[in-house]
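Asks: Right, I'll just put the structure down here and ask away after.
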Amino acid sequence: SFMADARLAEKAPTAEAVAAQRRALDQLDSGISSALSVIHQLDAVSQEPIPNNTLLREGISNLLGMVDQIQKTQGLTELRLPMRLVEEFVDAERSPDDFTAALMQRLQHADVGGNGKRAALANLASRVRDIAKL
């Protein structure tokens with residue numbers, strides 16, 4: 001139990017690492033929101049009867065700068081999606097909520113199996129102790 005706790009502590013991120021990750025995700029979110037706003041503005045300008053080419057060029061230039069910043073910020077995050085989520089749910093146009101429900105069901109099933117194995121091992125340990133006492 002102590003060794004398991006020690007292994008978990010080794011893998012647990014520090015508060016500083018969590019805060020840095022949070023800042024990076026906030027920057028990423030802000031950058032994406034800003035880029036989407038520029039895209040909407042570009043769309044509005046392009047829909048005008050006589051589009052303002054200067055505004056379009058400036059907007060595209062701003063958008064490219066934002067995309068570069070988003071890519072830099074993205075490298076600071078360690079956000080990864082399970083391939084199963086992408087392949088079986090997103091690509092199949094299914095809801096990520098369905099993935100969460102399926103994953104929860106698999107975890108509950110695995111937990112039941114794990115509890116049975118733990119009980120069997122505890123029973124075996126008890127029997128070995130009993131035999132050792134003879």
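The values are calculated or read from the model by the stated rules, or taken from the named source; none is laboratory data. Just so you know, these numbers come straight off a predicted model, no measurement behind them. Backbone-built Cβ (ideal geometry, glycine too); neighbour counts: all protein chains shown. Note: areas computed on protein heavy atoms with side chains; ligands, DNA, RNA excluded. Shrake-Rupley method; radii C 1.70, N 1.55, O 1.52, S 1.80 Å.
Asks: State whether one or more residues within segment 11-30 are at pLDDT 85 or above and in a helix (DSSP H, G or I).
Replies: Yes, because at least one residue in segment 11-30 is at pLDDT 85 or above and in a helix (DSSP H, G or I).
Asks: Just need a number here: residues in segment 22-44 that are within 18 Å of the chain's Cα centre (by Cα) and open to solvent by 50 Å² or more (accessible area, probe 1.4 Å).
Replies: The qualifying residues number 8.
Asks: Would you check which residues across segment 45-63 are surrounded by 12 or more Cβ atoms within 10 Å (Cβ to Cβ) and within 34 Å of the chain's Cα centre (by Cα) and list them?
Replies: Correct list: GLU58, GLY59, ILE60, ASN62, LEU63.
Asks: Okay, moving on. Only one of these is under 30 Å from ARG118 (Cα atoms), open to solvent by 80 Å² or more (accessible area, probe 1.4 Å) and at pLDDT below 75: MET3, MET83. Name it.
Replies: Step by step, each of MET3, MET83 is checked, and only MET3 is under 30 Å from ARG118 (Cα atoms), open to solvent by 80 Å² or more (accessible area, probe 1.4 Å) and at pLDDT below 75.
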